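Undergrad: Sending over a structure as structure tokens; questions will come in a sec.
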Amino acid sequence: MELVLDRWMSRGSFLNGIAIPYRDEKRDENPVSFAGRRVSGAPRGRRPVSTADLVRPFSQEELIVLAAVYEAYGPPEVVRVAEVPKPALGPSEVLVRVVAAAVTRGDTVQRAADFPPGTGAGGRLALGVRRPRRKILGAVFAGEVVGVGEKVTDVSVGDRVCGVKGMEAGTHAQYVVARASACVPIPSDVSMQQAAATLFGGTTAVYFLERGGIAAGARVLVNGASGEIGLMATQIARARGASVTGVTSAANAALVRRLGANGVVDYTREPLSAHTERYDLVLDTVGNLGASDADRLLTSGGKLVLLRASLGQMLSPNRALVTGSSLGRGDGAADLLRGVADGSIEPIIDSTMPLEDVVSAHRRVDSRHKVGSVLLDMGKAAA
């Protein structure tokens, strides 16, 4: 079943930034049970990490930490802060005390089960039909290593690292475990907040720009240029020699230009449906473009890259349409951080909130008016 789901999801983009982890039960001598029984629906020998209805007491050695959890799909208010066991450390993993974590569009899509048309059944099958299997959201983290597995040789306690958890999630917590190979060192002159604000938007932008064939001299249109992905895409495309036009509001036009856009389309004055310029690559981070727009906006051989594609668009024979799922792959993370260190990449932080304000963080992302990244400040809460 996991293989079938992986193949199905690889064709679509509704799960960008969403994680579907399973935890190895072999690392737990006394696995948690819920409502007096083991959770069903996980592959045999493994179980989802969950925090609902814990029925057995935890020893002092296991410790209790705080995390933002949700047990039902719905609005921001379904998320709450709860006590959970500190995650178990595997032999090839590191334990990280999280200082900053991003709340992304991927998190809010998962929380609300807000899938594009035609993908709802597949999304529920992957994430949980009636309720979410994964209780802790979050795909991006930055923090300090506080423990290493016995097989880890290239990461040490005290290292400042960040990463994109991808299909494992769980970063909206005081502590998270991650594969050592997936951890990226944070340069000394880059803050943990900057690292957390770079990874989701930056790695997603890299993946989809490359899927669209970004090249020097290309004319690129970024729809949603002031969002977390759009701001990074604008900078990355410009750094690769493209001419960039950003679609945003007048309020954010100066920022988008400062970060590298050669031109700006103010959608409040000129709807994109009336725009007549043509481009070699159109990156739609919003989800309001389709095949008819490809005919109107693209040059011969151009590509319309859809980050939030419907099932029909995923299966379309139209070669101008490009879909896919980055699934928090972490493409180019180290290069992006080097760019932040040398000043060629600037992460924009919309707002930073403590863990207890996680509901407000979700509301801000849901508003569709954030500029850049929304972060959770876990450092103040970390034990």
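Undergrad: Please tell me the relative contact order of region 173-285 in percent, rounded to the nearest whole number, where contacts are Cα pairs under 8 Å and at least six residues apart.
TA: That works out to 26 percent.
Undergrad: At most 15 other Cβ atoms within 10 Å and a DSSP loop assignment: could you name the trypsin sites (Lys or Arg not before Pro) in region 242-280 that fit? Spell out each step's value before the answer.
TA: Details: sites: R257, R258, R269, R278; in loops: R269, R278.
Of the trypsin sites (Lys or Arg not before Pro), the ones in loops of region 242-280 whose Cβ has at most 15 other Cβ atoms within 10 Å are R269, R278.
Undergrad: Any idea how far apart A72 and A274 come out in nm if each label point goes 7 Å out from Cα toward Cβ?
TA: 4.4 nm
Undergrad: Which is farthest toward the positive dipole end of region 123-234 among P132, G163, Q174, measuring Cα position about the Cα centre, with Cβ charges +1 (Lys, Arg) and -1 (Asp, Glu)?
TA: So the residue furthest toward the plus end is P132.
Undergrad: In debye, nearest 20, what is the charge dipole magnitude of region 301-383 about its Cα centre with +1 on Lys and Arg Cβ and -1 on Asp and Glu Cβ, if you could check?
TA: So the dipole magnitude of region 301-383 works out to roughly 440 debye.
Undergrad: I've got another one for you. Determine the sum of side-chain charges near T299: Lys and Arg each +1, Asp and Glu each -1, restricted to other residues whose C-beta is under 12 angstrom from that of T299.
TA: +1
Undergrad: With r as the distance between the Cβ atoms of R124 and R338 and R0 = 41 Å, compute the FRET efficiency 1/(1 + (r/R0)^6) and round to 0.05.
TA: Here the calculated transfer efficiency is 0.55.
Undergrad: Calculate the FRET efficiency for L315 and A239 from the Cβ-Cβ distance with a Förster distance of 35 Å, rounded to the nearest 0.05.
TA: Taking R0 as 35 Å, the efficiency between L315 and A239 is 0.55.
Undergrad: Once the other residues with Cβ under 11 Å from the Cβ of A67 are scored (Lys, Arg +1; Asp, Glu -1), what is the net sum?
TA: For residues surrounding A67, the net value is +2.
Undergrad: For R368 and A254, FRET efficiency with R0 = 25 Å and r from the beta-carbon atoms, rounded to 0.05?
TA: Here the calculated transfer efficiency is 0.80.
Read the figures in this text as sums done on the coordinates, not as results from a lab. Here the structure is a predicted model, which means the values were calculated and not measured. Using ideal geometry, Cβ is built from the backbone for each residue, glycine included, and neighbour counts are taken over all protein chains shown.
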